[in-house]
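The values are calculated or read from the model by the stated rules, or taken from the named source; none is laboratory data. Just so you know, these numbers come straight off a predicted model, no measurement behind them. No Cβ is skipped: glycine too gets one built from the backbone with ideal geometry, and neighbour counts run over all protein chains shown. Quick note on the areas: whole protein, heavy atoms, side chains included, nothing else; ligands and nucleic acids left out. Shrake-Rupley method; radii C 1.70, N 1.55, O 1.52, S 1.80 Å.
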Amino acid sequence: QVQLVESGGGLVQAGGSLRLSCAASGRTFSSYAMGWFRQDPGKEREFVASISRSGGITLYADSVKGRFTISRDNAKNTVYLLMNSLKPEDKAVYYCAADIKYSGSYYPHHYDYWGQGTQVTVSS
């Protein structure tokens, strides 16, 4: 079992940056691909980015390509999401998730463990 805790959310002006962190418990962090998703009230949960177990393969939603960067530090059991050039439409609760079976996926149902989320608000 994996427990995930997100942090780093907050309020930022459009054009600004935030770095989200997701700390994982356990000894097998490197066995999981990791993903970031986001959800605003009334909307479907949306894929943001994923990273493979070794960090060599990353995937991004078209809406964040060139602005967001996912990374991981397996020694620290932590995955990060650096968000640059933030836009008001990036406002959402951001969730990290761990994927046992796959190497990173766009699909929420492929993930086995989820964090509680951290709020990101972007003011215009």
Open item on the list: Placing unit charges on C-beta atoms (Lys and Arg positive, Asp and Glu negative, everything else neutral), compute the dipole magnitude of the chain about its Cα centre in debye, rounded to 20.
Closed with: 240 debye
Open item on the list: With a 1.4 Å probe and all protein chains left in place, how much of the accessible area of the chain comes from carbon and sulfur atoms, in whole percent?
Closed with: 48 percent
Open item on the list: Sort W114, W36 by heavy-atom solvent-accessible area, probe 1.4 angstrom, most to least.
Closed with: W114, W36
TODO: Percent of Cα-Cα pairs per 10 Å bin, from 0 to the last occupied bin, for the chain, please list those.
DONE: 15, 51, 29, 5, 0
TODO: Using a 1.4 Å probe and counting only protein heavy atoms, arrange R19, R53 so the residue with the most accessible area comes first.
DONE: R19, R53
Task: Number of Lys pairs (Cα under 25 Å; 8 or more positions apart or on different chains) in the range 5-96 - done: 5
Task: Where the chain is the region considered: accessible area per residue in Å², 1.4 Å probe - done: 51 Å²
TODO: Taking 7 Å along the Cα-to-C-beta vector as the label spot, tell me the R27-Q13 distance in nanometres, rounded to one decimal.
DONE: 4.9 nm
Task: Value of relative contact order over the range 1-92, rounded to a whole percent, pairs C-alpha under 8 Å and six or more apart - done: 32 percent
Open item on the list: Using protein chains only and a probe of 1.4 angstrom, how many square angstrom of Y113 are accessible, to the nearest 10?
Closed with: 50 Å²
